[in-house]
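For reference, the structure is listed below as structure tokens.
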Amino acid sequence: MKFRKMLVSDLGSVLTVERSAYSHPWTEGNFRDSLEGNDEVWLLESNDKLLGHGVISVAVGEAHLLNICVANHSQRQGLGRYILHHLLTRSELLGAGIMFLEVRESNSPALALYQSERFEQIGVRKNYYPLGSERENALVMSRPIG
Ligand SMILES: CC(C)(COP(=O)(O)OP(=O)(O)OC[C@H]1O[C@@H](n2cnc3c(N)ncnc32)[C@H](O)[C@@H]1OP(=O)(O)O)[C@@H](O)C(=O)NCCC(=O)NCCS
């Protein structure tokens, strides 16, 4: 397995993985914005097959985890944790001392991953995410890096 940075030409396969895993996937426009901006978009591959991806934004000593996703058929094999470790390492190299993230209140797999990696809840954004015709809270979490 290896990590590499995403290129525009990866959009098709990244969107396939994204849509396999999320109820509310990022759009092509979301990924283009990240690629054109200052975010780092990382892919995890095995034999040229995309297994998952992760996106961070790092500035003024803070990292924000914007997306972490493992292809549906490759989940529960340690890959989400592996991608998260890579993103924490990259964030530290880019000078961040803390990582922030937001997660749907109902996303128990992601919450379990973050809690097991020492993230703590620091706040709630009420009605932050769409959920059908309603809205769902986001939990805001953080952990020190390094
Ligand atoms: C969250 C996600 C990235 C985890 O990836 P993964 O490769 O399946 O996770 P791992 O195999 O590395 O598991 C790491 C830990 O996460 C937790 N976890 C992962 N999936 C879980 C599940 N279905 N139920 C409960 N806990 C789960 C466990 O604590 C697990 O540790 P353990 O295997 O030692 O029990 C993956 O479920 C995913 O892509 N989900 C859709 C996208 C998403 O919701 N991203 C997060 C947005 S905030």
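Among the residues in the range 31-46, are any of a type in the set (Asp, Glu), within 13 Å of the ligand (Cβ to nearest atom) and in contact (Cβ under 8 Å) with a residue 40 or more places away in the chain?
No: the range 31-46 contains no residue that is of a type in the set (Asp, Glu), within 13 Å of the ligand (Cβ to nearest atom) and in contact (Cβ under 8 Å) with a residue 40 or more places away in the chain.
Considering (1) under 29 Å from Gly132 (Cα atoms); (2) buried (at least 19 other Cβ atoms within 10 Å of the Cβ); (3) not small (Gly, Ala, Ser), say which one His24 fails and leave the rest.
With (1) under 29 Å from Gly132 (Cα atoms); (2) buried (at least 19 other Cβ atoms within 10 Å of the Cβ); (3) not small (Gly, Ala, Ser) applied to His24, the lone miss is (2).
Residues Ala71, Ala63, Ala138: which one is more than 8 Å from the ligand (Cβ to nearest atom), surrounded by 18 or more Cβ atoms within 10 Å (Cβ to Cβ), under 27 Å from Asp10 (Cα atoms) and in contact (Cβ under 8 Å) with a residue 24 or more places away in the chain?
That would be Ala63, the only listed residue that is more than 8 Å from the ligand (Cβ to nearest atom), surrounded by 18 or more Cβ atoms within 10 Å (Cβ to Cβ), under 27 Å from Asp10 (Cα atoms) and in contact (Cβ under 8 Å) with a residue 24 or more places away in the chain.
Which members of the range 47-60 meet the condition of being exposed (fewer than 13 other Cβ atoms within 10 Å of the Cβ) and touching a residue at least 12 places away in the same chain (Cβ under 8 Å)?
Ala59
So which of Ser116, Ser57, Ser23 ends up being under 20 Å from Ala138 (Cα atoms) and modelled with pLDDT under 95?
None of the other options fit; the residue is Ser23.
For the range 126-135, indicate whether the set of residues that are of a type in the set (A, V, I, L, M) and either within 12 Å of the ligand (Cβ to nearest atom) or under 13 Å from the mean Cα position of the chain (by Cα) (or both) is non-empty.
So far as the range 126-135 goes, no, none of its residues is of a type in the set (A, V, I, L, M) and either within 12 Å of the ligand (Cβ to nearest atom) or under 13 Å from the mean Cα position of the chain (by Cα) (or both).
Quick check on the range 75-87: of everything there that is buried (at least 19 other Cβ atoms within 10 Å of the Cβ) and more than 6 Å from the ligand (Cβ to nearest atom), which residue is nearest to Glu18 (Cα to Cα)?
Ile83
Would you check which residues across the range 89-125 are in contact (Cβ under 8 Å) with a residue 40 or more places away in the chain, within 20 Å of Val58 (Cα to Cα) and within 13 Å of the ligand (Cβ to nearest atom) and list them?
Matches in the range 89-125: Met99, Phe100, Leu101.
The values are calculated or read from the model by the stated rules, or taken from the named source; none is laboratory data. All figures in this text were calculated on a predicted structure; none of them were measured in a lab. In this analysis, Cβ positions are derived from the backbone assuming ideal geometry, glycine residues included, and neighbour counts consider all displayed protein chains.
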